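> Before anything else, here's the structure in question.
We did not get these values from a lab; they are worked out from the coordinates using the rules stated. Remember, predicted model here, so these are calculated numbers, not experimental data. Don't worry about glycine lacking a Cβ; one is built from the backbone with ideal geometry, like all the others, and counts go over all protein chains shown.
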Amino acid sequence: MAFKFCSIASGSSGNCQYIEGGKGKILVDAGLSGKRIQESLNSIGANSGNIDGILVTHEHKDHIKGVGILSRRFDIPIYANNNTWEVMREYLGKLKEENIRIIKNNDTFEIKDIGISTFKTSHDAIDSMGYTLNYRNKKISIVTDTGIITDEIKNEIKNSDLLMLESNHDVDMLKVGSYPYYLKKRVLSSSGHLSNEDAGNLIVDIFQDKFKKIFLGHLSKENNFPELAYQTVVNIISEKGIKINKDVEIDIANRHQPTVLCKI
Ligand SMILES: [Zn+2]
Ligand SMILES: [Zn+2]
């Protein structure tokens, strides 16, 4: 059976990724309304009632909006580290005690057939994390909401078959755009978001034959275009001899629309 991935939505209006491996069915973040997530899962042939766990990256609203609702509605356990729990607990509303699962940074654990590891990201949240998910010999990594790529992140995500990577902004668009100064500074800082160039450079840096599919995600509405993100990344990695659609496929994880259910 294949390892499956779908980005339900990605960006500041809401983030949610669906992963299925064997009997395991997982959401990474649920930052849209419960209704939207249910409808989107239905549209790809998945069922909210079968979700085994929601993994939370950090407490920003665009990542947790639907977490409490889905947990209550479908009795789903929620996984997050202690610091994140402390900040988001109040926002999630009433939860079953047994659905509050505390995990650590650099943790490894399993949900049914899926092996999961966590790693620290660099973001202006209390204690943000990224996740890698393993099923049989396949690996999916999700890295968004980080201002820099640390050696730890590189180590964690190398050898991925599928990578969802932040490509938040075009630096020039951000600099000349309408964001107030403090926000520009925040996005560009080491605890902000990765630019298109950052994404391209990282792919070059860690590229191995195993990489087959990369989704560029968390694109800014104000400071990026899907075509620009795609082309910037393609230009950077093509220059280094990596052949698009032969060595690796690059796709955009849309802000509002689910991607296809990708099988690896
Ligand atoms: Zn975010
Ligand atoms: Zn964030």
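> For the range 130-136, what does the Karplus curve 6.51 cos²θ - 1.76 cosθ + 1.60, with θ = phi - 60°, yield as ³J(HN,Hα) per residue in whole Hz, taken in order and with x for Gly and Pro?
x, 9, 10, 10, 10, 9, 6
> Where does each of 175-182, 197-204, 44-51, 226-233 land if you order them by average Cβ count within 10 Å, highest first?
197-204, 226-233, 44-51, 175-182
> How high is the relative contact order of the range 3-263? Use alpha-carbon pairs under 8 Å, at least six apart in sequence, and give a whole percent.
19 percent
> From the C-alpha coordinates alone, can you work out the Kirkwood hydrodynamic radius of the range 50-92, in Å?
This gives a value of 10.4 Å.
> In a Debye calculation with equal point scatterers on the alpha-carbon sites of the range 160-212 and no solvent, what is log10 I(q)/I(0) at q = 0.22, 0.28 Å⁻¹?
Result of the Debye calculation: -0.81, -1.08.
> What is the Cα coordinate range of the range 128-167 on the first, second and third principal axes, sorted by size from largest, in whole angstrom?
31, 17, 16
> Regarding the range 1-85, what is the average projected area of its C-alpha convex hull, in nm²?
That works out to 5.1 nm², a quarter of the Cα hull's surface.
> Using all Cα-Cα distances in the chain, what percent lands in each 10 angstrom bin from 0 up to the longest?
That works out to 7, 33, 39, 18, 3, 0, in percent per bin.
> Given the DSSP H assignment, sum -39500 (n - 2.57) over each helix run of at least 4 residues in the chain and divide by its residue total; what's the result at 222 nm in deg cm²/dmol, nearest 500?
That calculation yields -8500 deg cm²/dmol at 222 nm.
> Can you list residues from other chains, or at least 5 along the same chain, whose modelled amide H is less than 5 Å from the amide H of residue 121?
128, 129, 130
> Based on the mean of other Cβ atoms within 10 Å per residue, sort peptides 115-128, 153-166, 241-254 so the most packed one is first.
With the highest mean Cβ count within 10 Å placed first, the list reads 153-166, 115-128, 241-254.
> Can you divide the C-alpha Rg of the range 183-252 by 2.2 N^0.38 Å and report the result to two decimal places?
1.13
> On to the next question. Can you tell me what percent of all Cα-Cα pairs in the range 32-123 are more than 16 Å apart?
Counting every Cα pair in the range 32-123, those more than 16 Å apart make up 55 percent.
> Tell me the Rg and the Dmax, in Å, that the Cα atoms of the range 129-198 produce.
My reading of the Cα-based Rg and Dmax gives 14.2, 47 Å.
> In angstroms, what radius of gyration and Dmax does the range 50-189 have, counting Cα atoms only?
When restricted to Cα atoms, the range 50-189 yields Rg and Dmax of 16.3, 48 Å.
> Something else: Compute the Kirkwood hydrodynamic radius of the range 88-140, taking the inverse of the mean of 1/r over all pairs of distinct Cα atoms, and give it in Å to one decimal.
Kirkwood hydrodynamic radius for the range 88-140: 13.0 Å.
> Please report Rg (one decimal) and Dmax (integer) in Å for the Cα set of the range 126-264.
My reading of the Cα-based Rg and Dmax gives 14.6, 47 Å.
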